[in-house]
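Asker: Questions regarding the structure given below will be posed in turn.
Throughout, read-outs are computed from the coordinates displayed, never taken from laboratory work. Bear in mind that the values here come from a model prediction, so they are computed numbers and not experimental data. Because the Cβ atoms are built from the backbone with ideal geometry, glycine has one as well, and the counts that use them run over all protein chains shown.
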Amino acid sequence: MKTLHLCGTPNPKQRAFFLSTAPHTAYGGARGGGKSWAMRRKLVLLALRYPGLQELLLRRTLPELEENHVVPLLQELGRAVKYNQTKRSFLFPNGSRIKLGYCELEKDVYRYQGQEYDVIGLEEATHFTESQMIFLTTCNRTVRPDFSPRMYYTCNPGGPGHEWVKRLFIDRRYGPGERPEDYAFIPARLTDNRVLMERDPGYLKTLQKLPEHLRRAHLEGDWDVLSGRYFPEFSRRLHVMEPFPIPAWWRRFRAMDWGYKDPCCVLWLAVSPEGQLVVYRELYVTETLSSRVAQRVRELSLGEKIAYTVASPDAWQQRGLPGAEGDCIADVFARNGVPLLPADNRRVHGWQRLREALAPGADGAPGLVIFPQCTELIRTLPLLVYDEHNHEDVSDSCEDHAPEALRYGVMSRHPRPAPPQSRPPAAYDPFAAAPSRGEGFRSL
Ligand SMILES: Nc1ncnc2c1ncn2[C@@H]1O[C@H](COP(=O)(O)OP(=O)(O)OP(=O)(O)O)[C@@H](O)[C@H]1O
Ligand SMILES: [Mg+2]
């Protein structure tokens, strides 16, 4: 007889997670508490209990999904449940189904458009953006009389979704259409997981050795220390400026992060007489041929004197473009009247320079401002979060095409000179009377 290998006894927190029938239940906090185990087991128990139940289990990326769920589920379910590798779904003899998926890019959630799941599990929910989560709730519906739709979330603090998870489940701040009684939170602690504590006591020591803020987040499950945001200094109030006509004599340049399947972002920047960078235009396109992007860049720049365009190093990779085999993106751009220069791609250094540019200067004005029409840059810059493995860098799980372009742009400039530490009093300061900004430079 084919049997399931459902070993283990749930700890009290896992039991609480199993018993929750709230429309939204999150199990989160510290690392290693047994959240992923509980998520898998919960979906299997529901599949067995309700014949014909349709369930979807998502992680942000495919490798994470394979490692964390496909492999363990194959071991746990054995041959009692059929696994369809192409569809990544487990079909139970009673007609229930657990489908596994991932949403690496923001738009990947639309793969589930029109699909209907009684239960959706978001593993590492803080890796998902709020708009992905909101879209997925539209796929969480049922026509069954014996079941109400539910979303289950597991999560650790930090990540692009830190803010929405914290708002809904920790701070419990709700907006229109959100009912507090629909949200349940079960805090996780490593010490809840006796199995891991006994089999791998070194793991506790590993977490104890983390830097203070990460230790508090990952060991104690503290949601306040790790907002996760890479650029907390970015604020719309300070950095998004009402547009004004940029004088023709200001130096202008462009910066591009090339992408075809992933978005391609081009930013236009101007330099004020005080050295402030103004990002005044953005082009953000997907699946657009390089020749078309180059033409569009030229059209948008008509009448403007552009000093140079820096681009991501991948623009020089040979990629055998259809109809232009052997050409690289930079060649295509050059042929279409947009010569490119390779950007300085030192990541950590570049992010640091960007941080400096965002900081207010001696006159209180930041070194970089953005016009509101650069919507993708304004949307994605605050979503950047720290890389879990390299705490100086931005996580590569972020939608970073516009910020990358901005980093290239900033790196193409000289650093702003540091303000003098102290200045001897002068009878006459020729700079004191100089206007710090152009006319119309008002904060939005
Ligand atoms: N009740 C249980 N019985 C047996 N083993 C368990 C149980 N709960 C968790 N485990 C095991 O403990 C280990 C850690 O659990 P799990 O991966 O679920 O933790 P986690 O909270 O998801 O960790 P992370 O925060 O790193 O994602 C795994 O090997 C898992 O199989
Ligand atoms: Mg886990």
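Asker: Over the chain, calculate the relative contact order: mean separation of alpha carbon pairs under 8 Å at least 6 apart, over the residue count, as a percent.
Answerer: This gives 16 percent for the chain.
Asker: Evaluated at 20 °C with a viscosity of 1.002 mPa s, what Stokes-Einstein diffusion coefficient in µm²/s does segment 236-411 have when Rh comes from the Kirkwood expression over alpha-carbon pairs?
Answerer: 129 µm²/s
Asker: Let me see the P(r) profile for segment 195-251: every Cα-Cα distance counted, bins of 10 Å, each bin given as a percent of all pairs.
Answerer: 18, 26, 20, 12, 13, 8, 4
Asker: Once you wrap a convex hull around the alpha carbon atoms of the chain, what is its projected area averaged over all directions, in nm²?
Answerer: Here the figure is 27.0 nm², rounded to one decimal.
Asker: Follow-up. In segment 202-266, which trypsin sites (Lys or Arg not before Pro) fall in coil by DSSP and have 15 or fewer other Cβ atoms within 10 Å?
Answerer: Passing both the DSSP loop test and the Cβ count: LYS209, LYS261.
Asker: What is the magnitude of the charge dipole of segment 236-411 about its Cα centre, with +1 placed on the Cβ of each Lys and Arg, -1 on the Cβ of each Asp and Glu, and no other charges, expressed in debye to the nearest 20?
Answerer: Using Cβ point charges on Lys, Arg, Asp and Glu, segment 236-411 gives about 620 debye.
Asker: Related question: Going through segment 172-245, which chymotrypsin sites (Phe, Trp or Tyr not before Pro) have at most 11 other Cβ atoms within 10 Å and a DSSP loop state?
Answerer: Qualifying residues, ordered by number: none.
Asker: A further question on this structure: Return an integer: the convex hull volume of the alpha-carbon atoms of segment 1-157, in Å³ per residue.
Answerer: Per-residue hull volume (Cα only) is 112 Å³.
Asker: So for segment 12-218, taking the charge dipole from beta-carbon charges (+1 Lys/Arg, -1 Asp/Glu), which of VAL195, TYR153, PRO93 sits furthest toward the positive end?
Answerer: About the Cα centre, the residue reaching furthest to the positive side is VAL195.
Asker: Given points 7 Å out from each Cα along the Cα-Cβ axis, report the ARG379 to ARG237 separation in nanometres with one decimal.
Answerer: Distance between label points: 2.4 nm.
Asker: Something else about it: Taking the Cα centre of segment 12-218 as the origin, how large is its charge dipole in debye, to the nearest 20, when only Lys and Arg (+1) and Asp and Glu (-1) carry charge on their Cβ atoms?
Answerer: In total the dipole reaches around 480 debye.
Asker: Given a 10 angstrom Cα cut-off, can you work out which residue in GLY161, GLY259, GLY409 is the most mobile in a GNM of the chain?
Answerer: Looking only at GLY161, GLY259, GLY409, the biggest GNM fluctuation is shown by GLY259.
Asker: How large is the dipole of the chain about the Cα centre if only Lys and Arg carry +1 and Asp and Glu carry -1, each at its Cβ, rounded to the nearest 20 debye?
Answerer: Roughly 900 debye for the chain.
Asker: Tell me, how many Å apart are the Cα centres for segment 3-79 and for segment 366-402?
Answerer: Rounded to whole Å, the Cα centres lie 32 Å apart.
Asker: What helices does the chain hold that run 20 Å or longer along their axis, going by alpha-carbon atoms, with a Kyte-Doolittle average of 0.0 or more, using DSSP H for the helix calls?
Answerer: 35-49
Asker: Once the convex hull of the C-alpha atoms of segment 96-221 is built, how many Å³ does it hold per residue, rounded to a whole number? Each step should come with its number before you reach the end.
Answerer: Numbers: hull volume 19.4 nm³, N = 126.
Expressed per residue, the convex hull around the Cα atoms of segment 96-221 is 154 Å³.
Asker: Note down, for segment 202-304, the three equivalent ellipsoid semi-axes (square root of 5 times each alpha carbon gyration tensor eigenvalue), biggest first, whole angstrom.
Answerer: Values: eigenvalues 336, 88, 22 Å².
Computed over segment 202-304, the values are 41, 21, 10 Å.
Asker: Same structure again: Take every Cα pair under 8 Å in segment 1-70 that's 6+ residues apart, average their separations, divide by the length, and report that relative contact order as a whole percent.
Answerer: Taking the mean separation of contacting Cα pairs over the length of segment 1-70, I get 23 percent.
Asker: What's the center-to-center distance, using Cα atoms, between segment 127-149 and segment 249-314 in Å?
Answerer: Value for the Cα centre distance between the two parts: 38 Å.
Asker: With unit charges on the beta carbon (Lys/Arg positive, Asp/Glu negative), name the residue among VAL266, GLN132, GLY32 whose Cα is farthest towards the positive pole of the charge dipole of the chain.
Answerer: The residue sitting farthest along the positive end of the dipole is GLY32.
Asker: Multiply the residue separation of MET197 and SER131 by 0.36 nm, subtract the distance between their alpha-carbon atoms, and state the gained length in nm to one decimal.
Answerer: Length gained between MET197 and SER131: 20.1 nm.
Asker: Next up: Using the structure shown, select from LYS35/LYS99; LYS166/LYS205; LYS87/LYS166; LYS35/LYS107; LYS99/LYS166; LYS13/LYS82 the pairs with a Cα to Cα distance greater than 24 angstrom.
Answerer: Correct reply: LYS166/LYS205; LYS87/LYS166; LYS35/LYS107; LYS99/LYS166; LYS13/LYS82.
Asker: Given the rule -39500 (n - 2.57) for each run of at least 4 DSSP H residues, summed and divided by the residues of the chain, what is its mean residue ellipticity at 222 nm, to the nearest 500 deg cm²/dmol?
Answerer: -7000 deg cm²/dmol
Asker: Along the charge dipole of the chain, pointing to its positive end and built from +1/-1 on Cβ of Lys, Arg, Asp and Glu, which listed residue (TYR284, LEU45, PHE185) has its Cα farthest out?
Answerer: LEU45
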